[in-house]
Amino acid sequence: MINLNSLTFIVGDRKDIPEKYQDTIIGMIRNFDSERSPFEPHSIEFYRNYWKTPRPLEREAISVYGFNKSKEPIGFGHAFWNIKYDNLDHGSYQIYVVPEERRKGYGTEIMRKLFSVIPPQIKILVTSALGESVGELFLQKFQKESCFEELYRAADLSEFNIDEIKAINIKEKQRISDLGYKIVELESLDYSNKFDEEKYVRMIERIWNDMPREEMSFGEDVITPDRYQSLVEYNLQKGDRNFGYAIAVKETNEPVGHTRVLYNKYRPSLVEQDDTGVVREHRGKGFGLTLKYKVLEKILVELNAKYWYTGNAGSNEHMIRINEKLKHKVVGKKIFYELKRDEWELI
Ligand SMILES: CC(C)(COP(=O)(O)OP(=O)(O)OC[C@H]1O[C@@H](n2cnc3c(N)ncnc32)[C@H](O)[C@@H]1OP(=O)(O)O)[C@@H](O)C(=O)NCCC(=O)NCCS
């Protein structure tokens, strides 16, 4: 431990945390997530499992854990950055202080400590807080302008009538078939048996790179088959069921759009909408809605969830219109802030 002002720190990785502190720190990570989201957090078992799950190899991380004079952990700072594929000069960070120890300058002290151990290749760091939370007030002290806003919306699944959704899907199947397309069911990693894997992953890369980034400085994502596979595997290890549908050209089996949802066994009341997207040349045919009605039917039939939630860039008008048709209501927003190295070195 290194002495610095009133806190002492452990700097390193999860393995550097003595076992006697692990339960407290795992509980803090859960509290951090619950303060940054309008939704019920995962159960504590999720976080115990997360603590043991190895990170994807493409990412590196460092943590600082702050201890008060009584040697109790009172907060943490985490930073993550890519070491492969793309955006190698960008990272993200998180700061948390337990409620009883706030407004004593510890958040700032943890932040300074964390920033002092960020490797030199990282030039920009991003983080986010729930709109109108204490986290936002804290971040605004260091960075006035936000760079991105994500609106969270959720639909109460008890408001849907399954027979109506099934009827819509029968009509949609015929409609897209008349246009020369088909719908293909997806579960976990089975896209590699159903499509040319390269083409499926290329489609996802195009969809990701077409999402609005507002003022966020992150550059284009590079998605390879290995990378996508490891991202899906990581979700599975964290307890998610990962499923959805793709739309493909009937004649060539070329995938042109997809939707996927995540249903975590440690939080069965919520189903999370992951990607939905259609590549540009095949837009304007209503496929976004087709895909989401299809996945909604499966959610209603197979899951026990109460709410279906999603997050969209505030500027993503097309997706927002689709979600509003699907009874999604705004439940909160997440505000992103970026700091450049010359800015954080002055803190
Ligand atoms: C955000 C958080 C880390 C701040 O911790 P903290 O120890 O209270 O932070 P500090 O005491 O260093 O506060 C620094 C400045 O932030 C601002 N600030 C922090 N909390 C505030 C509040 N409740 N109201 C108004 N301003 C606040 C103030 O400008 C404060 O400076 P001041 O006390 O001199 O006025 C803590 O509230 C927290 O863990 N929140 C939940 C997680 C989160 O949202 N993290 C941030 C995004 S990753």
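Couple of notes before you dig in:
- Hull shadow area, averaged, the stretch 2-122 [alpha-carbon convex hull, nm²]: 8.2 nm²
- Derived scalar couplings between HN and Hα for the stretch 285-301 equal 10, x, 5, x, 5, 3, 5, 6, 5, 5, 6, 4, 4, 5, 4, 5, 7 Hz in order, rounded to whole Hz, by the Karplus curve 6.51 cos²θ - 1.76 cosθ + 1.60 (θ = phi - 60°), x for Gly and Pro.
- Label-point gap, in nm, between residue 23 and residue 123 - each point 7 angstrom along Cα→Cβ: 4.7 nm
- Stretched out straight at 0.36 nm per residue, the stretch from residue 317 to residue 6 would grow longer than its current Cα-Cα span by 107.2 nm.
- In this rough spin-label picture, where each label sits 7 Å from Cα along the Cβ direction, the residue 53-residue 304 distance is 2.0 nm.
- Panel values: the stretch 76-130, Kirkwood radius from alpha carbon pairs, Stokes-Einstein at 25 °C and 0.890 mPa s, translational diffusion coefficient 201 µm²/s.
- Averaging the sequence gap over all C-alpha pairs within less than 8 Å and six or more residues apart, then dividing by the number of residues, gives the stretch 44-201 a relative contact order of 14 percent.
- Aspartates and glutamates whose Cα lies under 12 Å from that of residue 20, excluding same-chain neighbours fewer than 8 positions away: 72
- Too-long pairs where the Cα-Cα distance tops 22 Å, listed order kept, from 171/298; 52/194; 306/329; 104/340; 194/294; 199/333: 52/194; 104/340; 199/333
- Rule-of-thumb Rg ratio for the stretch 11-63 [Cα; 2.2 N^0.38 Å; N residues]: 1.20
- Placing a pseudo-label 7 Å from each Cα along the Cα-to-Cβ vector at residue 132 and residue 330 gives an inter-label distance of 1.0 nm.
- Check: the stretch 124-196 dipole with +1 on Lys, Arg Cβ and -1 on Asp, Glu Cβ, in debye: 180 debye
- Histogram of C-alpha separations across the chain, 20 Å bin width, %: 27, 56, 16, 1
- For the chain, relative contact order (Cα pairs under 8 Å, six or more residues apart, normalised by length) works out to 22 percent.
- Nearest-ten-degree value, helix 197-209 long axis tilted from longest Cα axis of the chain: 60 degrees
- Calculated P(r) tail over 21 Å for the stretch 97-214, as whole % of Cα pairs: 69 percent
- 37 °C / 0.692 mPa s Stokes-Einstein diffusion coefficient of the stretch 153-332, Kirkwood radius on C-alpha pairs, µm²/s: 195 µm²/s
Bear in mind that the values in this text are calculations on the coordinates, not laboratory data. This one's a predicted model, so the numbers in the text were calculated from it and none came from an experiment. As a convention, Cβ positions derive from the backbone with ideal geometry for all residues, glycine included, and neighbour counts pool all protein chains shown.
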